[in-house]
Amino acid sequence: MASEVEKKAVFDIDSAKEVVQELRASFVAGKTKDYEWRRTQLKAMLKMMDENEPQIVAALRDDLSKPELESSIYEIAMLKNSCKLALKKMKHWVMPEKAKTSLATFPSSAEIVSEPLGVVLVISAWNYPLLLSLDPVIGAIAAGNAIVLKPSEISPATASLLAKLVANYMDSSCIKVVEGAVPETTALLEQKWDKIMYTGNGRIGRIVMAAAAKHLTPVVLELGGKCPVIVDSGINLQVATRRIIAGKWGCNNGQACISPDYIITTKDYAVELVDSFKCELERFYGKNPLESKDLSRVVNSNHFARLLKLLDEDKVSSKIVYGGERDKSNLKIAPTILLDVPQDSLIMNEEIFGPLLPIITIDKVEDSFDLINSGTKPLAVYMFTNNKKLKEKFVEKVSAGGLVINDTTVHLAEPTLPFGGVGDSGMGAYHGKFSFDTFSHKKAVLYRSFAGDAPLRYPPYTNGKLRLLKALLGGSILGIIRALMGWSKA
Amino acid sequence: MLSSMEKSIAELRETFKNGGTKSISWRKSQLKALLQLINQNEDSIFKALDQDLGKSPVESYRDEVGVLKKSVTYTLSCLEKWVAPKKAEVPLLFFPAKAEVMPQPLGVVLIFSSWNFPFTLALDPLIGAISAGNTVLLKPSDLAPACMSFLVETIPKYLDNKAVKVLAGGADIGERLLQLKWDKIFFTGSPRVGRLVMAAAAKHLTPVTLELGGKSPAIVDTLSTTPSKAKVTAKRIVGGKWGPCTGQACIAIDYVLVEEKLASTLIELLKKTIKRFYGENIKSLKNISRIVNKHQFQRLVNLLKDPNVADSIVYGGSVDEEKLVIEPTILLDPPLDSEIMSEEIFGPLLPIITLKNIEESIDFINSKSNPLVIYAFTEDDTFKKRILSETSSGTVTFNDSMVQYRYSI
């Protein structure tokens, strides 16, 4: 059913205001707070995905040439799992948590109550346009909020499919999709939201946070950066290589916030590593990877040009040791490996977000920690090693959103781990219960009784009261007794 | 050529980078040193608070020194537990993987504190930042200058100067600090400045914690229970309004909601309690702070200038500009669109708003922006549940005031 807003030709500030007003009215009326409502919405989302898998796969193919396996597993299956987990666990998540109380407030009881924030805005990205749109929405629904979803215009087929499906399956008086680009997003950002979650790059992240600051709206920013992979020697090289390939080219052809961006390994090990890559890449994608159906394409000509600029820089193009082929008309670049590109090259100073994998070499594996810490904090850092001490040092020393030892990217699928960045890679986290928490306000509640009203709290203030107060705040029964007896010092 | 401010911050970054704040033993030593600072300087702290705000030692101990001692002691006892990684369950699909969530310090943290609880609001966040392993720059409010000077002079004598620094100054220093990149900013103050802090932080993608304020109401539904409960209610309201810095506290009771038919009972009880606690009139006022400065004094006096507001005064109203004192003042049903009912009062003026039925208080509160605290004096369990589920606030406290902060864990 088309709403008033959709009938208007342009989605402007007034349209955005109307949308927020409608959702706020729904929220205030208690629609989204209702537990059964949350369950029916989540079930509707599951049904939506079950009944539309071919259409979703087709839209993702249109937008990204995403292989069917990636669409089915990394987008649809992951979303369904997220929905099912919320349906299963929500009854526990919504329960208030008891909190301990201290001697000083005896007798009292305390709890922490989760309540919805209100009307929230989810702005998602183009690379996993289904997952990054609906996964936050699952959390927002479970927490009882009304929601506006703004999918990315860079994946337009998926955006418009989402708009259609959400309107057909879910409660449009509480959950809306607004399509559009910069003007529409700007109009939305002018409004007052109770929370904004943004997935994308740091430049826009700053704009989102600045807009939120005007209304004191809290934000979650899922950003990116360069995710390094440290490769030590003495490992199962074949498994490590396969896992790196799966995390790099197997994830939307490197266009993922948690894709391995570059590799750090020792000078001694580099050659062996490169050979292993050549072998496994050919096994996975054949001798003509530009023709492989198992690789997404580069999303659009802007990004294609951007990637070529990184690849064709003078001091970089000579460092290609595998790949480098490109097909402009189909927006494809073959899996490409580069060895020892200079630190001051473009490719080493911006997030690659594509199928190019530089390998830089150092003398000792431990040197990689300082190297990584000298840059901005990554969203993820991966390390392949069997050395126990090295693992411990890695976890202790390296600061990043998430760390994975002996694999890449899989931590995303782990709902008991908070997924999010730190520093330039973002703020806030979600997945599993963390999604529920991120879209909730944790309200502190203290229940006091009228019994035991201590006069020492109130004026007139005397030295005796001061003594007793000190003892009470000190928390020791003996101290209190001494103060009552007048034995302690003031 | 770096300014001394930039050099200080560079030193904090260097200390963090070199791992100077990482070890549990360092963090514990700093917390113990802070405890020593408080224990050994109690009198100077009381003196500074008296100078800046006219706080009595009991108020100063209850709301500042005592709170801080408790906070440090609690942190010391829990630190090892807080620092330890937490195991996370791993689904069968990933067997045999292990997972954990590991707390890590953010880096260099900026703390802005406010003038009304100049020790608590500066040192309590500092305790958190140190226990998490960060280096810190603390910028106390210059509107409590004696307390600010005390912190500037005393902290370097007890804490690690390379990791914890205190900077004196006013809004201009604050603005310069906000231009720089921090790993976290912790701000306590007004929503207006909170917006500026967050906007500045946005440029560097710096996460912020903003402790702001608002109008914290007290719903009163216990006057017709028993006389003793009514008396305790009155004491707790008076204690929760004028007790903390004469109402200049983010969690002070801002205004009261009560049923029409019980308004006069409440007012009589409040008057009796005020006189007993604070004295008969403005000349004999005691056990109460003063207004922090002329600017705040004028702001509060202006709230009473509107003739409709002035007409609604039922107790108090006298002011002493020289001593910066406004006596505890009660107003009955000032106009709802007056400034006193739309701005956070942050002072010793207590509007009482009457309703036909106490349940209307829920809609009344919801018509305004979310308060920091809702105080509800009621023994009706159904009403309690409704308040909890139908209103939104930072905290809800039933049948008391202020304690949730002072004695919170």
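Looking only at the stretch A:233-250, which residues are of a type outside the set (Lys, Arg) and outside any loop (DSSP other than H, G, I, E, B)? So that I can check it myself, show each step before the final result.
Of all residues in the stretch A:233-250, those of a type outside the set (Lys, Arg) come to A:233-241, A:244-247, A:249-250.
Within the stretch A:233-250, A:Leu237, A:Gln238, A:Val239, A:Ala240, A:Thr241, A:Ile244, A:Ile245, A:Ala246, A:Gly247 qualify.
Put simply, of B:Val309, B:Val319 the only residue that is more than 14 Å from chain A (Cβ to nearest Cβ), surrounded by 16 or more Cβ atoms within 10 Å (Cβ to Cβ) and either basic (Lys, Arg) or out of contact with any Ser or Thr (no Cβ under 6 Å at 6 or more places or on another chain) (or both) is B:Val319. Taking the stretch B:10-74 and the helices (runs of 4 or more DSSP H) fully enclosed by it, the elements with 1 or more residues that are in contact (Cβ under 8 Å) with a residue 60 or more places away in the chain and farther than 20 Å from B:Gly239 by Cβ are at B:24-40, B:42-53. Among the residues making up the stretch B:366-409, those that are under 24 Å from B:Ala230 (Cβ atoms) and of a type in the set (D, E, K, R) are B:Glu379, B:Asp380, B:Asp381, B:Lys384, B:Lys385, B:Arg386, B:Asp400, B:Arg406.
Of all residues in the stretch A:411-456, exactly one satisfies the criterion of being without any contact (Cβ under 8 Å) to a residue 12 or more places away in the chain, at the interface with chain B (Cβ under 7 Å from one of its Cβ atoms) and either charged (D, E, K, R) or part of a helix (DSSP H, G or I) (or both), namely A:Asp453.
For A:Ala9, the requirement of being more than 22 Å from A:Gly180 (Cα to Cα) and over 28 Å from the mean Cα position of the chain (by Cα) is not met. Scanning the stretch A:146-172 for residues that are part of a loop (DSSP other than H, G, I, E, B) and under 25 Å from A:Ala211 (Cα atoms) yields A:Pro151, A:Ser152, A:Glu153, A:Ile154, A:Ser155. Quick check on my filter: what residues within the stretch A:341-362 are touching a residue at least 40 places away in the same chain (Cβ under 8 Å), assigned to a loop (DSSP other than H, G, I, E, B) and closer than 21 Å to A:Glu272 by Cα? Once the filter is applied, which keeps residues that are touching a residue at least 40 places away in the same chain (Cβ under 8 Å), assigned to a loop (DSSP other than H, G, I, E, B) and closer than 21 Å to A:Glu272 by Cα, the stretch A:341-362 yields only A:Pro355.
Just so you know, in the stretch B:195-223 the residues that are within 11 Å of chain A (Cβ to nearest Cβ) and among the charged types (D, E, K, R) include one that is farthest from A:Ala429 (Cα to Cα), and it is B:Arg195. For residues that are outside any helix (DSSP H, G or I) and in contact with a helix residue (DSSP H, G or I) (Cβ under 7 Å, 6 or more places away or on another chain), tally how many sit in the stretch B:143-195. Within the stretch B:143-195, residues that are outside any helix (DSSP H, G or I) and in contact with a helix residue (DSSP H, G or I) (Cβ under 7 Å, 6 or more places away or on another chain) number 16.
May I ask you to verify whether B:Val325 is touching a Lys or Arg at 6+ places or on another chain (Cβ under 8 Å), of a type in the set (A, V, I, L, M, F, W, C), within 14 Å of chain A (Cβ to nearest Cβ) and under 30 Å from B:Leu285 (Cα atoms)? Criteria not met by B:Val325.
When each of A:Lys89, A:Lys98 is tested for being outside any helix (DSSP H, G or I) and charged (D, E, K, R), the lone residue that passes is A:Lys98.
Which one is farthest from A:Pro156 (Cα to Cα), of the residues in the stretch A:173-195 that are outside any strand (DSSP E or B) and β-branched (Val, Ile, Thr)?
Step one: of the stretch A:173-195, the residues outside any strand (DSSP E or B) are A:173-174, A:178-194.
From what's left, β-branched (Val, Ile, Thr): A:178, A:182, A:185-186.
Values: A:Val178: 12, A:Val182: 14, A:Thr185: 15, A:Thr186: 18 Å.
The extreme case among them is A:Thr186.
When you go through B:Ala171, B:Ala249 one by one, which is the residue that is among the small types (Gly, Ala, Ser), more than 12 Å from chain A (Cβ to nearest Cβ) and surrounded by 20 or more Cβ atoms within 10 Å (Cβ to Cβ)? On inspection, the qualifying residue turns out to be B:Ala249.
Quick one: count up the residues across the stretch A:284-340 that are on the phi < 0 side of the Ramachandran plot and part of a loop (DSSP other than H, G, I, E, B).
To start, the set of residues in the stretch A:284-340 that are on the phi < 0 side of the Ramachandran plot comprises A:284-285, A:287-322, A:325-330, A:332-339.
After this cut, where a residue has to be part of a loop (DSSP other than H, G, I, E, B) as well, the list is A:287-288, A:292-300, A:313, A:318-319, A:325, A:328-330, A:334-335.
Adding up the residues that qualify gives 20.
Quick one: in the stretch B:379-392, which of the residues that are within 11 Å of another protein chain (Cβ to nearest Cβ) and part of a loop (DSSP other than H, G, I, E, B) is surrounded by the fewest Cβ atoms within 10 Å (Cβ to Cβ)?
At the first step, the residues of the stretch B:379-392 found to be within 11 Å of another protein chain (Cβ to nearest Cβ) are B:379, B:381, B:384-385, B:387-392.
Within this subset, residues satisfying the condition of being part of a loop (DSSP other than H, G, I, E, B) are B:379, B:391-392.
On the way: B:Glu379: 15, B:Thr391: 22, B:Ser392: 20.
Going through the qualifying residues, I end up with B:Glu379.
I need the full set of residues from the stretch A:457-469 which are at the interface with chain B (Cβ under 7 Å from one of its Cβ atoms) and either surrounded by fewer than 18 Cβ atoms within 10 Å (Cβ to Cβ) or of a type in the set (Lys, Arg) (or both), in order please. Explain how you work it out, then say what you get.
At the first step, the residues of the stretch A:457-469 found to be at the interface with chain B (Cβ under 7 Å from one of its Cβ atoms) are A:457-461, A:465-466, A:469.
If the condition is that a residue be at the interface with chain B (Cβ under 7 Å from one of its Cβ atoms) and either surrounded by fewer than 18 Cβ atoms within 10 Å (Cβ to Cβ) or of a type in the set (Lys, Arg) (or both), then A:Arg457, A:Pro460, A:Lys465 are the ones that fit.
Does the stretch A:213-222 contain at least one residue that is under 30 Å from A:Leu281 (Cβ atoms) and hydroxyl-bearing (Ser, Thr, Tyr)? No.
Scanning the stretch B:77-108 for residues that are part of a strand (DSSP E or B) and either closer than 19 Å to B:Leu126 by Cβ or outside the structural domain of B:Lys184 (by the TED database) (or both) returns a single hit, B:Val108. Between B:Val373, B:Val403, the distinction of being within 10 Å of another protein chain (Cβ to nearest Cβ) and closer than 24 Å to B:Leu336 by Cα belongs to B:Val373 only.
The values are calculated or read from the model by the stated rules, or taken from the named source; none is laboratory data. All values derive from a computational prediction rather than experimental measurement. Here the Cβ is made from the backbone with ideal geometry for all residues, glycine too, and neighbour counts use every protein chain on show.
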